[in-house]
Amino acid sequence: MAFRRSPSSTWTESRGKGFNPVATALSESSSIHSDVLYHLTRDVSRVGLEPLSYSIPEAEPDKEDDWNEEAQSLLKVVSPSLRAQDNNEGLHFSDGRRKVDYVLVFHQRRHTSVRSPASTSVSHDRLSIVSNGNFPPSRGSDGKEGGGGGSGQVPGGEAVSIGEVFMELDSGGGNEAAEPADHEMHLIRQEFEANLLEAGLEIERDGEVKVHGLSFTRLHAPWPVLCREAEFLKIKVPTKTRYEIKEESAFSSSMSSVWRKLKQPFQPKVHPQDHGPSKFLTHCFSRDKLHLYNITSKDTFFDNATRGRIVYEILRRTVCARTCQTIGITTLIAKGVYDAAFPLHDGDYNATGHPEERNDRQVLHEEWARYSAFYKYQPIDLVRKYFGEKIGLYFAWLGVYTQLLVPASIVGIIVFGYGVATVDTNIPSLEMCDERLNFTMCPLCDGACDFWQLSTACGTARASHLFDNPATVFFAIFMSLWAVLFLEHWKRRQISLSFSWDLTGIEDDEEHPRPKYETILLQKRQRKQKNKKKKKKKKNLVAIEKLTWKDRLHGYCINVSSILFMFGLTFSAVFGVIIYRITVSALMAMSPDPETKSNVRVTVTATAVIINLVVILILDEIYGAVAVWLTELEIPKTETKFEERLILKAFLLKFMNAYAPIFYVAFFKGRFAGRPGSYVYVFNDYRMEECAPGGCLIELCIQLSIIMLGKQLIQNNIFEIGIPKLKKLVRTLKDKGSAEKEEEEERPPQQWNLDYALAPFEGLTPEYMEMIIQFGFVSLFVASFPLAPLFALLNNVIEIRLDAKKFVTELRRPVAARAKDIGIWYNILSGMGKFSVIINAFVISFTSDFIPRLVYQYMYSQSGTMHGFIDHTLSYFNVSNFKPGTAPQNSDHGDVTVCRYKDYREPPWSPDAYHFSKHYWCVLAARLAFVILFQNLVMFLSLVVAWVIPDIPKTIVEQLKREKKLLVDLFLREEKDKFQLIQSLFGKDTPVAPGGHVLPPGQGFPLPGRYSTLPQYPTRAPTGDGGGGGPRARCRAASFSLYTRKVPPSPRNENSRHTAV
């Protein structure tokens, strides 16, 4: 695909005839510039000239030379020596006054041979593309040929207007590269930056011409542009009106005062965002109401984050016609025209000088991004001010989650302490450790393994009681309610933040299509055009199209098959570890070393869990990359849809990867092993593994603790610290090899150089994902590991400071994005909270021995105690019923006729030998009943908690109503002041009727309406030319006249008439 300019747009052909405006239909937020300024900007941008702020002069044909001199006086070269002087550490333009709001970076490459335009084959099927990305219908020529007028001729004889760009849809050259050439990229950058100038931005570049290397383009948004965009984006700003926040009751006020004093040592030392018990009334910015806002300085009224967001919105919607896309900077970065685009940090993060002189980045580094500040609260308001609402909500959510882990950790420690305190009085553990009871157990493997005494598993039984005790049931119920309480508390906190951050009532920003979607849609149009045999009009060629399910069917099929394959890969990894455990257990059991035989279970369990951890870490990285690839195949239209689909896929794959080994140990291990004389074999040689004598809960605890701690230590901390530093080192070495040494010696690096060396911000999905997986460890299987909240708390204390340090010192500053909530993550958390109730119910019922103990104590115990419980759970097996070759070959226990195994089966002397006994069915019924009872009880309590705690705090509701009333009063007062001003202005000319009576309103001059924002003037008689008799209402577009001079409409170009204001 190739692009070319229309020959009629060449500026040199029109110098003698004056100039005409560019024939473009601009959007509401664009301003009008002449064709001369458009091409002049493109011509001077390659030599490093810097256009300052300017306005569009009225064009007169006989004064073109004077205008050129004026335009040249508005441009200047930025020399290194000038820029190095007092420009506030590279945060301003060379004049030291205008802020650098955004930076565009691209690599200047050595120019090789460029394909001649003459060699480009031109197709007669073309699309005329205007600067806002629309496709207007073709128009006939209404100007003269070759004279620099408003139109020109292209091959094929079709007349076009100046400024139109043509794209070849069917070029015969199949050898062209898919990516634009360096020269084409250079032209695209020139056109894009010229369009930025049209939008009102100011641009600065270095004066020296680089042969190759990095080039930085600095952007600045002047005050009129900021006001215009703030009105379009509906940014809420403070007015001059302050109101007192409602005082609390005496008791509540005293308690709040005491609580504030207790929290004072833990508060960060930052400048308070609000002063005292009052708040500025906020309102969406409007240029018609500048007198209402608290504007102390135009340079600081909009903070740096807001300025960066405004410039990004302009960059995002500014169109470069050469790319044939409807989106700007995102597409250009995807195509390699620019390498990066980012707002600047507020200088260096190392604090120097007086504490009051620190910028926001230094304050965040000192009070938030240090490990020594782990005990302090987060300065959430400052985080939101610097990084935007989306990142502020993430850290606020992480802070709430970490705070609520404190009570969960305390209760978990108490439950664990109860197990430690009662381990010496636990009757089942004492019976297992009592050698006098002489429980001879059946062999653990065939042939090589001997009979063994149950008392040798005394340590496992005692350790199991630490986590499998009656307090565990209470803790499981508590954690289920804790999950509901956490979500309800976060909803209230989120509403409070939305109120204090003025996010209530905001609308979702309009989203542009992703570059990938636009590219595939364009290719679809090209294929459709190529298959047409007859030419059609342009309005038919460029009809609005979208991708349908047929275009995505291929991606959907690959998605389903790939996800199923990934599930199979995860289960294969789990099954491989099972085979490892079985084979290693059999080999160690055949060892002649007695120590090796005695440590079979510990060794196999520990090594298998470590292998599981390594496999999980490797598959996690693979699944993350696969999820991105699969989401790209679906071709989502917007970034929001892309992010939501990516999150769902990544969560599904990583959830299965992290929890599959834990689910196996909790619900499947030992369930299908069989019994002595009728075991289940794998590959006809190896017996399926069984649970330890103390139950599978202790193995589940070991599995969960090692995987959880290993993921947090290795993946969440070491990877987050090591990989970014490694990437930065590689990028530094790469840039150092291509940089010019003499340039580095001449001047110190500017802020844009330092920020470009940082890692780019790639979204919050990895940060949320690791916390969601951790939330699963804390909530899903917490019944088996009460200390999980404690380890999660310790990890999160470090995680907050680690993430803070990464955002402040190691990442480029992200664009401040607005967000009302945490999005789809809340739905995932809510789903996991409900799923945890079911999982914990099954863990307590089927994995632990809690239900069998209750059944024995209240149904089968003669004394109503736990004495005899171990003997009750062990069944008998006659060793003569062993299959040939499976009985122990050399036994050290003498003549053994009967061995015991853990199960509820009939003894060999029973008529139904080895069948399930009635005890088994009683225990199974009790387990199922407990699952139903536990689930309904917890769900009911969860609904009660959610009903008791309102989503919106009462104080917020009252303040919202009060703010609304104050805003209405403010605007009514403004209208009243306007009306009084009009009366005072026209009071002297008030018509008087005969007799001295004042005429009623409406007969002399119209009375302004109650809610009118425009003054009314006396009616005039119709003029001779038939003009209207009433005052002309000012339309919305008239507000542009504050910042844009009128451009006289050209009689030869009707497209520009409706855009002149």
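The values are calculated or read from the model by the stated rules, or taken from the named source; none is laboratory data. The structure presented is a predicted model; accordingly, all values stated were derived computationally and were not measured. A quick note on method: Cβ atoms are made from the backbone with ideal geometry, for glycine too, and the neighbour counts reach across all protein chains shown. Remember, those area values only see protein heavy atoms, side chains included, never the ligands or the DNA or RNA. Shrake-Rupley method; radii C 1.70, N 1.55, O 1.52, S 1.80 Å.
Taken as a whole, the structure leaves residue 532 outside the set of residues that are of a type in the set (Lys, Arg), surrounded by fewer than 20 Cβ atoms within 10 Å (Cβ to Cβ) and modelled with pLDDT of 85 or more.
Residues that are open to solvent by 40 Å² or more (accessible area, probe 1.4 Å), assigned to a helix (DSSP H, G or I) and either among the hydroxyl-bearing types (Ser, Thr, Tyr) or within 19 Å of residue 693 (Cα to Cα) (or both) within the stretch 865-918 comprise 871, 880, listed in sequence order. Within the stretch 401-426, the residues that satisfy the criterion of being touching a residue at least 60 places away in the same chain (Cβ under 8 Å) and either of a type in the set (Phe, Trp, Tyr) or surrounded by fewer than 17 Cβ atoms within 10 Å (Cβ to Cβ) (or both) are 401, 406, 407, 413, 416.
Here is a yes/no grid of residues against (1) within 26 Å of residue 410 (Cβ to Cβ); (2) hydroxyl-bearing (Ser, Thr, Tyr); (3) open to solvent by less than 20 Å² (accessible area, probe 1.4 Å); (4) in a helix (DSSP H, G or I):
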{"site": "772", "(1), (2), (3), (4)": "yes, no, yes, yes"}
{"site": "790", "(1), (2), (3), (4)": "yes, no, no, yes"}
{"site": "804", "(1), (2), (3), (4)": "yes, no, yes, yes"}
{"site": "820", "(1), (2), (3), (4)": "no, no, no, no"}
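Please enumerate the residues belonging to the stretch 492-502 that are buried (at least 18 other Cβ atoms within 10 Å of the Cβ) and either assigned to a helix (DSSP H, G or I) or of a type in the set (D, E, K, R) (or both).
Step one: list which residues in the stretch 492-502 are buried (at least 18 other Cβ atoms within 10 Å of the Cβ), which gives 493-495, 497-499, 501-502.
Within the stretch 492-502, 493, 494, 495, 497, 498, 499, 502 meet the criteria.
Which numbered condition trips up residue 407, out of (1) on the phi > 0 side of the Ramachandran plot; (2) over 26 Å from the mean Cα position of the chain (by Cα); (3) of a type outside the set (D, E, K, R); (4) at pLDDT 90 or above? Of everything listed in (1) on the phi > 0 side of the Ramachandran plot; (2) over 26 Å from the mean Cα position of the chain (by Cα); (3) of a type outside the set (D, E, K, R); (4) at pLDDT 90 or above, residue 407 misses just condition (1).
Picking from 560, 574, which residue would you name as being modelled with pLDDT of 80 or more and open to solvent by 80 Å² or more (accessible area, probe 1.4 Å)? Walk me through how you get there before you give the answer.
Numbers: 574 fails: open to solvent by 80 Å² or more (accessible area, probe 1.4 Å).
560 is the lone residue from the list that is modelled with pLDDT of 80 or more and open to solvent by 80 Å² or more (accessible area, probe 1.4 Å).
Among residues that are modelled with pLDDT of 90 or more, out of contact with any Pro (no Cβ under 7 Å at 6 or more places or on another chain) and under 30 Å from residue 441 (Cβ atoms), residue 790 is not included. Residues of the stretch 308-337 that are open to solvent by less than 10 Å² (accessible area, probe 1.4 Å), at pLDDT 85 or above and either among the small types (Gly, Ala, Ser) or not in a loop (DSSP other than H, G, I, E, B) (or both): 308, 310, 311, 314, 315, 329, 332.
Taking the stretch 645-654 as the region of interest, how many residues are open to solvent by 30 Å² or more (accessible area, probe 1.4 Å) and touching a residue at least 40 places away in the same chain (Cβ under 8 Å)? Can you show your working first?
Of the residues in the stretch 645-654, the ones open to solvent by 30 Å² or more (accessible area, probe 1.4 Å) are 645, 648, 651-652, 654.
Filter again for touching a residue at least 40 places away in the same chain (Cβ under 8 Å), leaving 648, 651-652, 654.
Number of matching residues: 4.
Could you tell me whether residue 367 is under 26 Å from residue 218 (Cα atoms) and among the acidic types (Asp, Glu)? So residue 367 fails the test.
Among the residues of the stretch 376-389, are any open to solvent by 40 Å² or more (accessible area, probe 1.4 Å), farther than 26 Å from residue 822 by Cα and either outside any helix (DSSP H, G or I) or without any contact (Cβ under 8 Å) to a residue 24 or more places away in the chain (or both)? Before you say what the answer is, go through the steps one by one.
At the first step, the residues of the stretch 376-389 found to be open to solvent by 40 Å² or more (accessible area, probe 1.4 Å) are 377, 381, 384-385.
Still in the list and also farther than 26 Å from residue 822 by Cα: none.
No.
Once the stretch 354-375 is narrowed to residues that are closer than 26 Å to residue 818 by Cα and among the polar types (S, T, N, Q), the residue that is least open to solvent (accessible area, probe 1.4 Å) is 362. Residues of the stretch 453-472 include none that is under 30 Å from residue 351 (Cβ atoms) and either open to solvent by 70 Å² or more (accessible area, probe 1.4 Å) or not aliphatic (A, V, I, L, M) (or both).
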